[in-house]
2 protein chains.
Amino acid sequence: MTQITRRNLLNMIGTVAGGTAMYHAMAAMGHAAPSSYTGPPKLDGDPQGTKVLILGAGLAGMTAALEMRAAGYEVEILEFREKAGGRCWTLRSGDEFTGLGEKKQTVDFAEGNYINPGPWRIPHHHYAVLDYCRRLNVPLEVFVQQNFNSYLHRSDAYDGKPQRLREIETDYRGHITELLAKAVDQDKLDELVTPEDREMLLESLRSYGVLDDQNEYVKSLQTSEYRGFDRRPGGGVDGAPIASDPMDPQQIIKSGLWAHLSTHYSLQHQAPMFQPVGGMDGIAKGFEREVGDLITYHAKVVSLQQDDEGVTVTWEDTQGGGQRTSTADWCVCTIPFSILGQIDHNLSGDLATVVDTMYYNGSVKWGLEFKRRFWEQDEHIYGGVSYTDQAISEISYPSTGYHSEGPGVLLGGYTWRGANSFKFNAMSPEDRIKVALDQGAKIHPQYHDEFKTGVTVSWHKVPWVLGCGGVWENRDQYPGAVEIDNRVVCAGEHLSYLPAWQEGAILSSLDAISRLHDKVING
Amino acid sequence: MTQITRRNLLNMIGTVAGGTAMYHAMAAMGHAAPSSYTGPPKLDGDPQGTKVLILGAGLAGMTAALEMRAAGYEVEILEFREKAGGRCWTLRSGDEFTGLGEKKQTVDFAEGNYINPGPWRIPHHHYAVLDYCRRLNVPLEVFVQQNFNSYLHRSDAYDGKPQRLREIETDYRGHITELLAKAVDQDKLDELVTPEDREMLLESLRSYGVLDDQNEYVKSLQTSEYRGFDRRPGGGVDGAPIASDPMDPQQIIKSGLWAHLSTHYSLQHQAPMFQPVGGMDGIAKGFEREVGDLITYHAKVVSLQQDDEGVTVTWEDTQGGGQRTSTADWCVCTIPFSILGQIDHNLSGDLATVVDTMYYNGSVKWGLEFKRRFWEQDEHIYGGVSYTDQAISEISYPSTGYHSEGPGVLLGGYTWRGANSFKFNAMSPEDRIKVALDQGAKIHPQYHDEFKTGVTVSWHKVPWVLGCGGVWENRDQYPGAVEIDNRVVCAGEHLSYLPAWQEGAILSSLDAISRLHDKVING
């Protein structure tokens, strides 16, 4: 009897049906990981000229517009700002930004330099964002997250002297694997480790932790091959490398710097990560190329009313065009709830409650331009992130334009929620930059000499969103909030399990319009 | 009394002297890591028209030519091939390669696709290579080495089913930290861990290993945030994520797949790594733009003779120009010893012994072009490396052109020394490609259906080097081999502690010409 093996089956499927069928077969057999995004939604059935009004031309709104127009809907988008993208935003020379109650900042970067105040990086598994980048011809480049040559810094550790990640990472791993190896070796773990696993476990620890034959993590050329040398291997007469001393294990444990190690291995930060070439708003522009003709800019929504027949939205033309009205059969509302809650609406149920009560995280970012890329030139740091226990939290170096001779822009700080965000939010942009420079100088003494210009955005003061992402204290009312409320469905990062990520905005939108379309077609 | 603090001192130095002085001060104070490369050599003093003959226009030879001409020497370079770069080499559509005793291969890749048969990536601390890229305007992009979505594969583990790196990495780290935490928690390590370190150590293990409050590595949304979810967090109705099951610890230990984890954390592979945009030979071309006018191509050296007065090199014009002679006061010889050993020479001492006895590592690489980038489209692998215990050893995905719709080229295998290199070396290119396809198909079932064309290089059969790097069994004769032998100094990766790396070739060359120059000027 002929047996069809798994491999043969795959080959047969592959031959007959091509790659996509192969992939689905692979996924079904557990060979490829399933993704919650498997391509744009199939909105089958003719909506027969049904009109949908989309509020907000951020990623959620433009995704909805792109897919619903393709499915045959009449689409109108209202957008408060002068351009599309929402939080997917890039600041370049000449751009202006005025936070609530703040003086206007005019960006004065050198030509070609930029900062993304909002979304900063794209994880490798944000399949929807990546696929829209592909479909919209948005070229991507690698965003360097983990850089073994970047710094870890705590004011109270190592006399405030920043440590290279490669040393902390290698030594911490070495010391804890040595500790475990000793415990195993001294038969202290016999009840936890079977005799047959013992040798293989020790072998794995020697490999993983770079231990020697005695299961010890010691000064050696071998460990220096991971943590760095005192004198690096070179050429010619003085080419022989000199090993470096591992750091004291107790000091590492006490330093707390290990707290920054696992970050790089989380799904949201593990390699590789990506960014659009030229600025995050490359994604916004990609969508705008497709649906820009549907967008009315400078449209400030003041009222959203619905009944059984349709939706009526009143909006103000902020360029002096007075009050206007748009109507439609249905509405996809992507206005952040921090704003929507202040707008006159007749939404109902859990949705209305969430709209009125959801609060938004604050986050503060800085784009600091320096006269030269001293982090590359002096310290050999090409991209990546240095972490500190100071309020600025981190410094992220540009993942592009390596070796450029002119001025360079880095992310001078990134606070995420909590006291630091509130503290910086309360400061003027000028003071905020001053503090970021003082704190950054603890890591890079070149800071004050090399500083050229800066811009800072506190998201709680960004007029069109008042925060950087919606917060769910618990998810009790989430099911109600994502439901279609009569004629309106809401979408955006705040209605996802990926809050403050672009992927969440797109996935939320795709889910919302799929359900809306089903209701339009099937009632 | 006023104390000058370290910081103040740095600021003072920075203000007065600018960045470079600042850097040297930082290095002296231990703030920045010292590098064995600190810029091009200062070849002070006038060589007064002294002529140097350079053999070989690889990176060592061209570095010597660039710096010595700048220092005032008359420079002539002889190169066997029709172009410069040596092992810094890129194959593109239309390129031909004929290995010794092999049929000619003509590369048939799609326009824009390429493979680097030699140097493959640039570590972040190869300061000399990076600095020459900067000076020669060779644009760099990130080379993705570690990709958490790539595969680890062993034929005898998990029924031969490839595992994602993120799962093995996360689960291995989780399980061993749990084991250590249990040992600490159960007071088994009291003699190794002081009571005061105990709690901090446990806290660090919970952070590093993603353990729960009971110090256990378990199925949870938290661990799934590292290893991946069964259902990823999404948007709208079904947005809630579903946690995934960690793998069995004993199976991971037995699988041996942990052997590939620490590779990514070694200095030579840790993030970030780089590659020239458009192919590794961008570096060769950068040098060639500067010193191409000094190079005589198609020049096969047949004799290298020196006496107290100078150097006489006899060479054959391989384009039919007959035998020719070049003379000079001095010679920098970068011809690989695998070739030099077969050339008539009158070198002496340890150098002569090493020239005649050094053997070269073999290495085999494949550039395989497929009809589409199925690794991106089907499996969401953007760059990085999958490892296997099969003879091909690894598959490396392109770190550029993400999302391109056309055919894509990956590195279909990379053997390094040992039996696999010898085995593949003995095969015809056709057979070598066939085997690489069969083995690669164990990891990517799409291989056979999607294959378009391929090229393979076995370095032992590359006529102009006969190997990929010189091997030192021990370094006893190294000091003698790097010495200036009367009128000749040798240079190249084989005379460095970074064998087979471009950095070794450049550093060796810089060291050699610095000493040669000193001898010319000071006798």
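The values are calculated or read from the model by the stated rules, or taken from the named source; none is laboratory data. The structure displayed is predicted, hence computed values, not measured ones. Backbone-built Cβ (ideal geometry, glycine too); neighbour counts: all protein chains shown.
Before moving on, here are some points about what is shown:
- Filter result (over 18 Å from A:F424 (Cβ atoms), in contact with a helix residue (DSSP H, G or I) (Cβ under 7 Å, 6 or more places away or on another chain) and surrounded by fewer than 21 Cβ atoms within 10 Å (Cβ to Cβ)) within the range A:70-121: A:E76
- Residue check, B:D511 more than 18 Å from the chain's Cα centre (by Cα), within 13 Å of B:V355 (Cα to Cα), surrounded by fewer than 24 Cβ atoms within 10 Å (Cβ to Cβ) and not small (G, A, S): no
- Only residues that are over 19 Å from A:H264 (Cα atoms) and facing chain A (nearest Cβ under 7 Å) were counted in the range B:216-232, giving 1.
- Considering the range A:294-375, the qualifying strands (runs of 3 or more DSSP E), each wholly inside and each with 2 or more residues that are more than 24 Å from the chain's Cα centre (by Cα), modelled with pLDDT of 95 or more and loosely packed, with under 14 Cβ neighbours inside 10 Å, run over A:322-328.
- Extreme residue, nearest to A:L136 (Cα to Cα), among residues of the range A:262-278 that are within 9 Å of chain B (Cβ to nearest Cβ) and part of a loop (DSSP other than H, G, I, E, B): A:P272
This table checks each residue for (1) surrounded by 15 or more Cβ atoms within 10 Å (Cβ to Cβ); (2) out of contact with any strand residue (DSSP E or B) (no Cβ under 8 Å at 6 or more places or on another chain); (3) part of a helix (DSSP H, G or I).
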| site | (1), (2), (3) |
| --- | --- |
| A:H175 | yes, yes, yes |
| A:L179 | yes, yes, yes |
| A:A183 | yes, yes, yes |
| A:D187 | no, yes, no |
| A:R198 | yes, yes, yes |
| A:L202 | yes, yes, yes |
| A:R206 | yes, yes, yes |
| A:P233 | yes, no, no |
| A:Q250 | yes, yes, yes |
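- Verdict on B:G112 being part of a loop (DSSP other than H, G, I, E, B), closer than 26 Å to B:L466 by Cβ and among the small types (G, A, S): no
- Among the residues of this structure, A:A284 counts as one that is out of contact with any helix residue (DSSP H, G or I) (no Cβ under 7 Å at 6 or more places or on another chain), among the hydrophobic types (A, V, I, L, M, F, W, C) and in a helix (DSSP H, G or I).
Here's the yes/no breakdown for (1) within 7 Å of chain A (Cβ to nearest Cβ); (2) over 35 Å from the mean Cα position of the chain (by Cα):
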site	(1), (2)
B:R134	yes, no
B:L140	yes, no
B:F148	yes, no
B:Y158	no, no
B:G174	no, no
B:D187	no, yes
B:T194	no, yes
B:Q214	no, yes
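- Among the candidates A:I443, A:I433, A:I392, residue that is touching a strand residue (DSSP E or B) at 6+ places or on another chain (Cβ under 7 Å) and part of a helix (DSSP H, G or I): A:I433
- Members of the range B:345-381 found to be out of contact with any helix residue (DSSP H, G or I) (no Cβ under 6 Å at 6 or more places or on another chain) and under 13 Å from B:N147 (Cα atoms), listed by number: B:W375, B:E376, B:E379, B:H380
- Pair list, Cβ under 6 Å, 6 or more apart: the range A:460-471 residue closer than 18 Å to A:Y414 by Cβ, other residue part of a strand (DSSP E or B) and not aliphatic (A, V, I, L, M): A:G467/A:Y360; A:G467/A:N361; A:C468/A:N361; A:C468/A:S363; A:G469/A:N361; A:V471/A:Y359; A:V471/A:N361
- Output for the range A:252-261, where each listed residue is crowded, with 20+ Cβ neighbours inside 10 Å and more than 7 Å from chain B (Cβ to nearest Cβ): A:I252, A:S255, A:L257, A:H260
- Single unsatisfied condition, B:D449 versus (1) closer than 27 Å to B:Y387 by Cβ; (2) among the acidic types (D, E); (3) not in a helix (DSSP H, G or I): (3)
- Residues in the range A:390-413 that are under 17 Å from A:A259 (Cα atoms) and within 21 Å of the chain's Cα centre (by Cα): A:A391, A:I392, A:S393, A:E394, A:I395.
- When the residues of the range B:483-504 are filtered to those that are more than 27 Å from B:S421 (Cβ to Cβ) and among the hydrophobic types (A, V, I, L, M, F, W, C), the one that is surrounded by the most Cβ atoms within 10 Å (Cβ to Cβ) is B:V489.
- Selected residue (criterion: farthest from the other protein chains (Cβ to nearest Cβ)) from residues of the range B:471-502 that are within 18 Å of the chain's Cα centre (by Cα) and not in a loop (DSSP other than H, G, I, E, B): B:V471
- A:E96 being over 30 Å from B:G384 (Cα atoms) and not assigned by TED's automatic domain parsing to the domain that holds A:L411: no
- Cβ-Cβ under 9 Å pairs, at least 6 apart or on other chains, the range B:118-136 side in contact (Cβ under 8 Å) with a residue 60 or more places away in the chain and within 18 Å of B:G58 (Cβ to Cβ), far side surrounded by 23 or more Cβ atoms within 10 Å (Cβ to Cβ) and among the basic types (K, R): B:G118/B:R87; B:G118/B:K365; B:P119/B:R87; B:W120/B:K365
- Counting the residues of the range B:441-460 that are of a type outside the set (S, T, N, Q) and away from chain A (no Cβ under 13 Å) gives 6.
Let's see how each residue does on (1) touching a helix residue (DSSP H, G or I) at 6+ places or on another chain (Cβ under 9 Å); (2) at pLDDT 95 or above; (3) outside the structural domain of A:Q306 (by TED's automatic domain parsing):
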{"position": "A:N425", "(1), (2), (3)": "yes, yes, yes"}
{"position": "A:I433", "(1), (2), (3)": "no, yes, yes"}
{"position": "A:P445", "(1), (2), (3)": "yes, yes, yes"}
{"position": "A:E450", "(1), (2), (3)": "yes, yes, yes"}
{"position": "A:L466", "(1), (2), (3)": "yes, yes, yes"}
{"position": "A:V488", "(1), (2), (3)": "yes, yes, no"}
{"position": "A:E493", "(1), (2), (3)": "yes, yes, no"}
{"position": "A:E503", "(1), (2), (3)": "yes, yes, no"}
{"position": "A:D511", "(1), (2), (3)": "yes, yes, no"}
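- The sole residue among B:G49, B:G56, B:G61 that is surrounded by fewer than 17 Cβ atoms within 10 Å (Cβ to Cβ), more than 9 Å from chain A (Cβ to nearest Cβ) and modelled with pLDDT of 90 or more is B:G49.
- The one condition in (1) at the interface with another protein chain (Cβ under 9 Å from one of its Cβ atoms); (2) not in a helix (DSSP H, G or I) that A:D511 fails to fulfil: (2)
- Members of the range B:433-470 that are hydroxyl-bearing (S, T, Y) and either within 30 Å of A:A240 (Cα to Cα) or more than 23 Å from the chain's Cα centre (by Cα) (or both): B:Y447, B:T453, B:S458
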